[in-house]
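What follows is a short report on a single structure.
We did not get these values from a lab; they are worked out from the coordinates using the rules stated. Predicted, not measured: the structure shown is a model, and the values here were computed from it. Virtual Cβ from ideal backbone geometry, glycine too; neighbours counted across all protein chains shown.
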Amino acid sequence: MGVKYLTVYAFSTENWNRPKEEVDALMKLLRSYMETSIKTAKKNNMCVRIIGDKTKLDADIQESIEKLEAATKDNTGLHFQIAINYGGRDELVRAVRNIAKEAKDGNIAISDIDEALVNATIDTKGLPDPDLLIRTCNEQRISNFLLWQLAYTEFYFTEAAWPDFNKDELIKAIEAYNRRDRKYGGLSKS
């Protein structure tokens, strides 16, 4: 069975602290990607979704994101999420604020707040939690990425840098994942 959902961390909320020239270069790269993404997504039947706080992005980028998501929402192949201006803590704060506003406005009761409501409020609503997180460059941290969603995710660490992460490296990660016994807090299946 192939990969059905893939999320890539492209630009974190912390990236705004980089030098202006570097941020400008990243935004230029994002604009360039947006120019070709609809055609590529349609060709490959990909459903593309951007997660993160889009309100901080320039208006032209926000518009490109809206067009991309609208044009690909009915595609049934790979569901590809790109995290732009994303931080796991920021995502949770935004979700808590939205839930608090709904409670304050009388739309929900405090007793209605549960995992399902949080899942329906975070950026990845409607998507399954990741099965596997691949961390390149032998980094041993999640770097503020999908803090809620990674609760039962398997982690794979590789010394390969992202630009060098190729098909062979992916196969190693999948083979390591396939050797794991996923218990989800229960007893071993073996």
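From the convex hull of the Cα coordinates of the stretch 55-157, what is the mean projected area in square nanometres?
Values: hull surface 34.5 nm².
Directional mean of the projected Cα hull area for the stretch 55-157 stands at 8.6 nm².
How large is the helix-only mean residue ellipticity at 222 nm for the chain, computed as the sum of -39500 (n - 2.57) over DSSP H runs with n ≥ 4, divided by its residue count, in deg cm²/dmol to the nearest 500? Please report the intermediate quantities before stating the final value.
Working: 5 runs with 74 residues, N = 190.
Rounded to the nearest 500, the figure is -12500 deg cm²/dmol.
Straight-line reach from LYS172: which aspartates and glutamates have a Cα under 13 Å away, not including same-chain ones fewer than 8 places off?
Correct list for LYS172: GLU159.
How about the stretch 103-190: which trypsin sites (Lys or Arg not before Pro) there lie in a loop by DSSP and see at most 16 other Cβ atoms within 10 Å?
LYS125, ARG141, ARG179, ARG180, ARG182, LYS183, LYS189
Tell me, what does the Kirkwood hydrodynamic radius of the chain come to in angstroms if you use every pair of distinct C-alpha atoms?
It works out to 18.5 Å.
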